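To start, the structure itself, in structure tokens.
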Amino acid sequence: MKILVCISKTPDTTAKIAFADNNTKFAAEGVQWIINPYDEWYALVRAIELKEANPAVVLHLINVGNADNEPIIRKALALGGDEAIRINSEISDSFNVAAQIAAIAKEGNYDLVFTGKETIDYNGSSIGGMIAELLDLPFISHAVTFDIEGNNATVTREIEGGEEVDKATLPLVVSCQKGMAEQRIPNMKGIMGARTKPLKVMEPIAADILTSIASFDLPPVKAGVKLVSAENPEELVRLLHEEAKAF
Amino acid sequence: MVLVFIDQSEGHIKKSSFEAACYAATVAAQLGTSAEAVLLGVTSDNLSSLGNYGVKKVHTIANETLTNFDAQLYTKAIAQVVETTNADVIVFSNNTTGKAVAPRLSAKLKAGLVTGAIALPDTSNGFTVKKTVFSGKAFANININTPKKIIALNPNSFNVSITTDTAEVVPFNTSVDASKIVVSAINKVTGEVSLSEADIVVSGGRGLKGPENWGLVTELATLLGAATACSRPVADIHWRPHHEHVGQTGLAIAPNLYIAIGISGAIQHLAGVNRSKIIVVINKDPEAPFFKAADYGIVGDAFEVMPKIIEAVRKIKATA
């Protein structure tokens, strides 16, 4: 079985969100970069667990981005995986990124493509579905568990107000979220081993760009909190009911 | 024409679809055209009443196979309706179905997609849609540069208004392939309000000291018809199920009223809730960062304050 895990680079969850160039670009200066948590904690770690359970599994990682992304890719390799592919492209339109990954997935005949449920920067939640459509494969999104027996996968996915258990045969595209696996920290052996794992750099294919970012805005600043005394919590209920009309 | 996808679960239309229908009708009016809807699978709901939300026509493919969700088959069916009706803009609710189908449809039709939209498109110069980014810490205005456009609207982003109009229901004839996905179980937590669609959310954090104290959260939630939520540490230590976790790596929500009890308000938590219209914070630590993001607050011990709040709400509800 061949698994391809899609890895994205995002600002750290505590990074200050600010914009530059007339609010058209994310102010990246001084920002710590991490592997998108959904890609790392859930998609990648679950794929590593599948490989640990079955050493015949071939596990490749893929990232679309410039050479600045390589530390993140090496960190992912330190957690596990046999090799990584970086598509050398700066384009951030989700369709274009998905087209790059789909081309590699098709050529490499992967049985399983894992993505995170979304990235924590653009929150697109789009790449997995787009890859699946470009490959004409079934897609299960927001998976919280994934198990496999031979070619038969059992996947639990989140739905509004609960969960649904799906069964499907490989090949398959799955987007992963909390529940799939537990976060891991790379050990020294992994970090040393990652240095010598292959990291192939490939040039992008020609693909459409369907959208572009016009500008960014920050949310308006709140007017300030209205504090009610802990001696009189009934007053808070009255304010919510009569002033805010919140219930 | 603006086509809105109406999502059903086990034969019933989801609440977020009515909001998407109103949004689609308003986009249609803005573009000088009309809105129509597409519904897949078998439902027992009255579909002509979708006209109340502004759609003129409902295209239905009442095929049993489509009653269960399969992103691949849904995409194919919707694409056929788009082609036949010549829809220019397709609207989804950005719920679990929309997040799986809208990107597929985008790739299939080469139609630019904005997910997580929170406002009507700006059509003064092209077609620009505002969406949340950085998990709610900022917004991006995205240009869709293709003739066909897809918008997935975040739940609780658009005001629902109702008329007495009705819609014409028309069966759409097409063949449906066998699904490659077998749904073997649907486990819904019954009696609870869906978190992403809830108007009011009551949420608890580590300040509540243990799962045995969650009655303070659930009792208030039941009185208010609210959904319950929790902070990440609470889900991580299994006091509450992880589907209740709101925040940067959990669910991002935008209810009318968010009540946070014993949650300090780490930046990652705020990212998931700061689009709530009214935020109420109850915390005994006056330095809790959450107070900076709150509209109303009480600095006090939840165990003393909450029973009084619950009683006060109960009184109002009893006289309402």
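The values are calculated or read from the model by the stated rules, or taken from the named source; none is laboratory data. If you're wondering where the values come from, they're calculated on a predicted model, not measured in any experiment. Cβ: placed from backbone, ideal geometry, glycine included. Neighbour counts: every protein chain shown.
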All but one of (1) closer than 14 Å to B:T166 by Cβ; (2) touching a helix residue (DSSP H, G or I) at 6+ places or on another chain (Cβ under 8 Å) hold for B:D45; state the number of the condition that does not hold. (2)
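For (1) closer than 15 Å to A:D121 by Cα; (2) among the hydrophobic types (A, V, I, L, M, F, W, C), each residue gets a yes or a no:
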{"residue": "A:A18", "(1), (2)": "yes, yes"}
{"residue": "A:K25", "(1), (2)": "yes, no"}
{"residue": "A:Q32", "(1), (2)": "yes, no"}
{"residue": "A:Y38", "(1), (2)": "yes, no"}
{"residue": "A:A53", "(1), (2)": "no, yes"}
{"residue": "A:P71", "(1), (2)": "no, no"}
{"residue": "A:N88", "(1), (2)": "no, no"}
{"residue": "A:N96", "(1), (2)": "no, no"}
Number of the condition not met by B:A87 [criteria: (1) in contact with a Leu (Cβ under 7 Å, 6 or more places away or on another chain); (2) part of a loop (DSSP other than H, G, I, E, B); (3) within 13 Å of chain A (Cβ to nearest Cβ)]: (3)
Unique residue being more than 8 Å from chain A (Cβ to nearest Cβ), at pLDDT below 95 and over 29 Å from A:Y122 (Cβ atoms) when the list is B:G191, B:G204: B:G191
In the stretch A:7-55, what residues are surrounded by fewer than 19 Cβ atoms within 10 Å (Cβ to Cβ), closer than 17 Å to A:R74 by Cβ and more than 14 Å from the chain's Cα centre (by Cα)? A:Q32
A careful count of residues in the stretch B:292-320 that are of a type in the set (F, W, Y), surrounded by fewer than 21 Cβ atoms within 10 Å (Cβ to Cβ) and within 20 Å of B:N256 (Cα to Cα) gives 0
Pairs under 6 Å by beta carbon, first residue within 21 Å of B:P289 (Cα to Cα) and facing chain B (nearest Cβ under 7 Å) in the stretch A:225-247, partner modelled with pLDDT of 95 or more and assigned to a helix (DSSP H, G or I), six or more apart or different chains? A:V225/B:F291; A:V228/A:E235; A:V228/A:L236; A:A230/B:V305; A:P233/B:V305; A:P233/B:K308; A:P233/B:I309
If you go through the stretch B:59-83, how many residues are among the hydroxyl-bearing types (S, T, Y) and within 15 Å of B:L105 (Cα to Cα)? 2
Given the structure, is B:S264 assigned by TED's automatic domain parsing to the domain that holds B:M306 and of a type in the set (G, A, S)? yes
Anything in the stretch B:115-156 that is more than 7 Å from chain A (Cβ to nearest Cβ), surrounded by 23 or more Cβ atoms within 10 Å (Cβ to Cβ) and outside any loop (DSSP other than H, G, I, E, B)? List them, or say none. B:A117, B:V129, B:K131, B:G136, B:K149, B:I150, B:I151, B:A152, B:L153
Residues of the stretch A:114-162 being over 21 Å from B:A185 (Cβ atoms), within 8 Å of chain B (Cβ to nearest Cβ) and of a type in the set (G, A, S), in sequence order, are A:G124, A:S125, A:S126, A:G128, A:G129, A:A132
